[in-house]
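What follows is a set of notes on a single structure, which appears directly below.
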Amino acid sequence: MKKRVLSGIKPTGDVHLGGYLGAMREWPKYQSSENEVFYFIADLHALNARPTASELRTKTLDLVAWLLALGIDSERNPIYLQSQIPEHSELCWLLNNFVTMGELSRMTQYKDKAQKSGSEGQLVALFTYPVLMAADILLYGADEVPVGEDQTQHVELTRDIAQRFNGIYGRELLKLPKFTHPAHSARVMMLDDPARKMSKSEGGDGCVYLMDPQEVIDRKFSRAVTDSEGVVRFNKQDQPGVSNLLEILAAVTGETIEVLEQRFAGNGYGDFKKAVAEAVIEELAPIQAEFARLRKDEAYLLEVLTRGKDRVASEAREKLAELKQVIGLV
Ligand code: TRP
């Protein structure tokens, strides 16, 4: 039996270096003769950020093009949209009956927001976000879910929900998934604030987008925050900026931090930053070219999504029908 690997990605913001080195770059590597890989775009999950219609559409198609540009083979492994398979939402509703307010209140994504600005104004969709995610996973009996660290808690909750459901109905109807963190993932921080994880920033230079032209990448790295120590050394405590740059360079070149420290031992930060920018530009160039080529052909991107949907829809339908029957929905 092939192992089923499943993961989803939200079409919010633009894809950036943090997301790329943190997870996406590893995604194509799960494709093998032993694995069956499902990648979908969690467009329903993106709605709680209230994107405009055109934004959502653009980002969704961008993501399809990025997944293909990264090397996901959509002929063998389906790429599909969460919103095109209604069973995700329907299973989410069923699972809402197997999860408590307490459990969902403890999910950090919600908890952080509620602590910051109160729970009163938080959207129900944000609160129940992890239940839809559980549905995404359990609908297809995924064995393995590669996610970033911040999503571990959601996969654990998915296991709890599945276990509870199975316990109540007396057999293994839902498969308990395992999470994995991609083997070579790097935790990339903002270039202008190395205390913060890299994320989209309005107008700032701290976040490198995959789409950035070479001169922009170069500029962003040249402005990266460093320190006054003047030595290229890995020390997250005292030199967080330089350490972040070392980590990026190591991730991109595949070399160890120690080797890189030695190579840049006598160099000033200017040369070092230049080298990091060049390595990133070199890594991204072929992917950017492929993205540009694919993104122009929306008809093709839509066709990829239709193919993905056709591949997974019947399985989703059958699983949901089985669960409804077991529950007693006539
Ligand atoms: N919540 C995930 C994120 O923000 C995206 C996601 C939605 C997902 N459904 C999923 C990931 C199912 C893995 C499996 O990154």
Within the range 103-115, identify whether any single residue is open to solvent by less than 70 Å² (accessible area, probe 1.4 Å), charged (D, E, K, R) and under 25 Å from M1 (Cα atoms), and answer yes or no. no
Filtered residues of the range 92-149 (kept if over 25 Å from K197 (Cβ atoms), away from the ligand (no atom under 12 Å from the Cβ) and of a type in the set (A, V, I, L, M)): L94, L95, V99, M101, V124
Hey, among R25, R4, R57, which residue is free of Cβ contacts under 8 Å to residues at least 12 places away in the same chain and either within 13 Å of the ligand (Cβ to nearest atom) or assigned to a helix (DSSP H, G or I) (or both)? R57
Just to check your reading of the model, which residue among D112, D136, D150, D160 is without any contact (Cβ under 8 Å) to a residue 24 or more places away in the chain and not in a loop (DSSP other than H, G, I, E, B)? D112
Among the residues of the range 160-167, are any touching a helix residue (DSSP H, G or I) at 6+ places or on another chain (Cβ under 8 Å), open to solvent by 30 Å² or more (accessible area, probe 1.4 Å), within 16 Å of the ligand (Cβ to nearest atom) and not polar (S, T, N, Q)? yes
If a residue must be within 16 Å of the ligand (Cβ to nearest atom), in contact (Cβ under 8 Å) with a residue 60 or more places away in the chain and either within 13 Å of E290 (Cα to Cα) or of a type in the set (S, T, Y) (or both), how many such residues does the range 71-83 contain? 1
Can you find, within the range 170-180, the residue that is nearest to the ligand (Cβ to nearest atom) among those that are open to solvent by 60 Å² or more (accessible area, probe 1.4 Å) and under 22 Å from T128 (Cβ atoms)? F179
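The values are calculated or read from the model by the stated rules, or taken from the named source; none is laboratory data. Remember, predicted model here, so these are calculated numbers, not experimental data. We place every Cβ from the backbone using ideal geometry, glycine too, and count neighbours over all the protein chains shown. Remember, those area values only see protein heavy atoms, side chains included, never the ligands or the DNA or RNA. Shrake-Rupley method; radii C 1.70, N 1.55, O 1.52, S 1.80 Å.
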